[in-house]
């Protein structure tokens, strides 16, 4: 299969930029977090979608251990919605909505209305175009904007959630402040994300920069254990749940790698074997970090005072 110019550019980007770690760090500082995330998803969204094989650009929740990779991804979203008490009467804000996978799941399975916020024009275009094919164009809408400066009025949403989005945003405090501003009294804010349990050990690991560049996560943006509970408290949310979910979500890297071993021909055809091997190496390093306790996976739920 002949690669397009864009696919050849993406191939070069994935192959060469992570190796230039000093250059990458300096580039991230120059770009800043907003432009860094926007550019990452501008060029790499097709690769990430091919890597997950779905519109759910996040891990999975393995309750029984027999779920398929995609079943577990869907279940992660519904677990968050169920724990937060989301239902048909609620209008939800999704912070960092990707290409609309989680928003569609919330609307389809729990009956909610959802507005997805994303800074990436590329992902939003794909999300908007996809919703009519799901029959959800009247229940799931999208807005472009920065999660630290949201383009919404005060008290517009019943509840809010974020799935593997805050890891892209260094200023967690500003996100929680904005969620507090745009939600009603009594709102819940549910966050499902990876947590850097030992940031110093991660920083010292020689593979850490490689993993950050591969996932598009800045080194200064990983969630640390005490950060969200403290931000919740400062902005009027009581912490109603902080749940360690690594046993259920930790198998995601291995499950995704197995999925790609069986279904990765499109990535190899479009981007080459070297890019495929880089993706597999990233998943193995991630699996190692989780197995060693450097990274955990957690659910945090804050409830705004009434």
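The values are calculated or read from the model by the stated rules, or taken from the named source; none is laboratory data. Here the structure is a predicted model, which means the values were calculated and not measured. Virtual Cβ from ideal backbone geometry, glycine too; neighbours counted across all protein chains shown.
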Regarding residue 61, is this residue under 16 Å from the mean Cα position of the chain (by Cα), over 24 Å from residue 139 (Cα atoms) and modelled with pLDDT of 95 or more?
yes
Is there a residue in the range 86-101 that is crowded, with 24+ Cβ neighbours inside 10 Å, part of a helix (DSSP H, G or I) and touching a strand residue (DSSP E or B) at 6+ places or on another chain (Cβ under 7 Å)?
no
Of the conditions (1) part of a helix (DSSP H, G or I); (2) out of contact with any strand residue (DSSP E or B) (no Cβ under 8 Å at 6 or more places or on another chain), residue 153 satisfies every one except a single condition; which number is it?
(1)
Going through (1) free of Cβ contacts under 8 Å to residues at least 60 places away in the same chain; (2) over 20 Å from the mean Cα position of the chain (by Cα); (3) within 19 Å of residue 68 (Cα to Cα) one by one, residue 263 fails only at (1)
Going residue by residue through the range 26-33, is there one that turns out to be surrounded by fewer than 17 Cβ atoms within 10 Å (Cβ to Cβ) and modelled with pLDDT of 85 or more?
no
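What's the total number of residues in the range 165-176 that are part of a helix (DSSP H, G or I) and surrounded by 17 or more Cβ atoms within 10 Å (Cβ to Cβ)?
Taking the range 165-176 first, the residues part of a helix (DSSP H, G or I) are 166-168, 172-176.
Now drop any that are not surrounded by 17 or more Cβ atoms within 10 Å (Cβ to Cβ), which leaves 166-168, 172, 174-176.
So the answer is 7.
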Search result, residues across the range 129-147 that are in a loop (DSSP other than H, G, I, E, B) and within 15 Å of residue 160 (Cβ to Cβ):
145, 147
Right, residue 42: touching a residue at least 12 places away in the same chain (Cβ under 8 Å), surrounded by fewer than 18 Cβ atoms within 10 Å (Cβ to Cβ) and in a helix (DSSP H, G or I) or not?
yes
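Starting from residues that are without any contact (Cβ under 8 Å) to a residue 60 or more places away in the chain and surrounded by fewer than 20 Cβ atoms within 10 Å (Cβ to Cβ), keep the ones in the range 193-212 and report whichever is farthest from residue 229 (Cα to Cα). Please lay out each step first, then the result.
We begin by selecting, within the range 193-212, every residue without any contact (Cβ under 8 Å) to a residue 60 or more places away in the chain; these are 199-200, 203-204, 206, 208, 212.
Those left that are additionally surrounded by fewer than 20 Cβ atoms within 10 Å (Cβ to Cβ): 199-200, 203-204, 206.
Values: 199: 17, 200: 20, 203: 23, 204: 26, 206: 30 Å.
So, considering only residues that are without any contact (Cβ under 8 Å) to a residue 60 or more places away in the chain and surrounded by fewer than 20 Cβ atoms within 10 Å (Cβ to Cβ), the one farthest from residue 229 (Cα to Cα) is 206.
Looking at 259, 297, 271, which is the one that is under 26 Å from residue 44 (Cβ atoms), buried (at least 21 other Cβ atoms within 10 Å of the Cβ) and modelled with pLDDT of 95 or more? Quick ask: steps written out before the conclusion?
Details: 259 fails: buried (at least 21 other Cβ atoms within 10 Å of the Cβ); 271 fails: modelled with pLDDT of 95 or more.
Just a single option satisfies the conditions, and that option is 297.
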Of residues in the range 124-145 being in contact with a helix residue (DSSP H, G or I) (Cβ under 6 Å, 6 or more places away or on another chain) and touching a residue at least 12 places away in the same chain (Cβ under 8 Å), the one farthest from residue 92 (Cα to Cα)
134
Being buried (at least 21 other Cβ atoms within 10 Å of the Cβ) and under 16 Å from residue 227 (Cα atoms) narrows it down to one residue among 162, 147; which is it?
162
Identify all residues within the range 146-178 that are free of Cβ contacts under 8 Å to residues at least 60 places away in the same chain, out of contact with any helix residue (DSSP H, G or I) (no Cβ under 7 Å at 6 or more places or on another chain) and within 11 Å of residue 93 (Cβ to Cβ); write none if there are none.
178
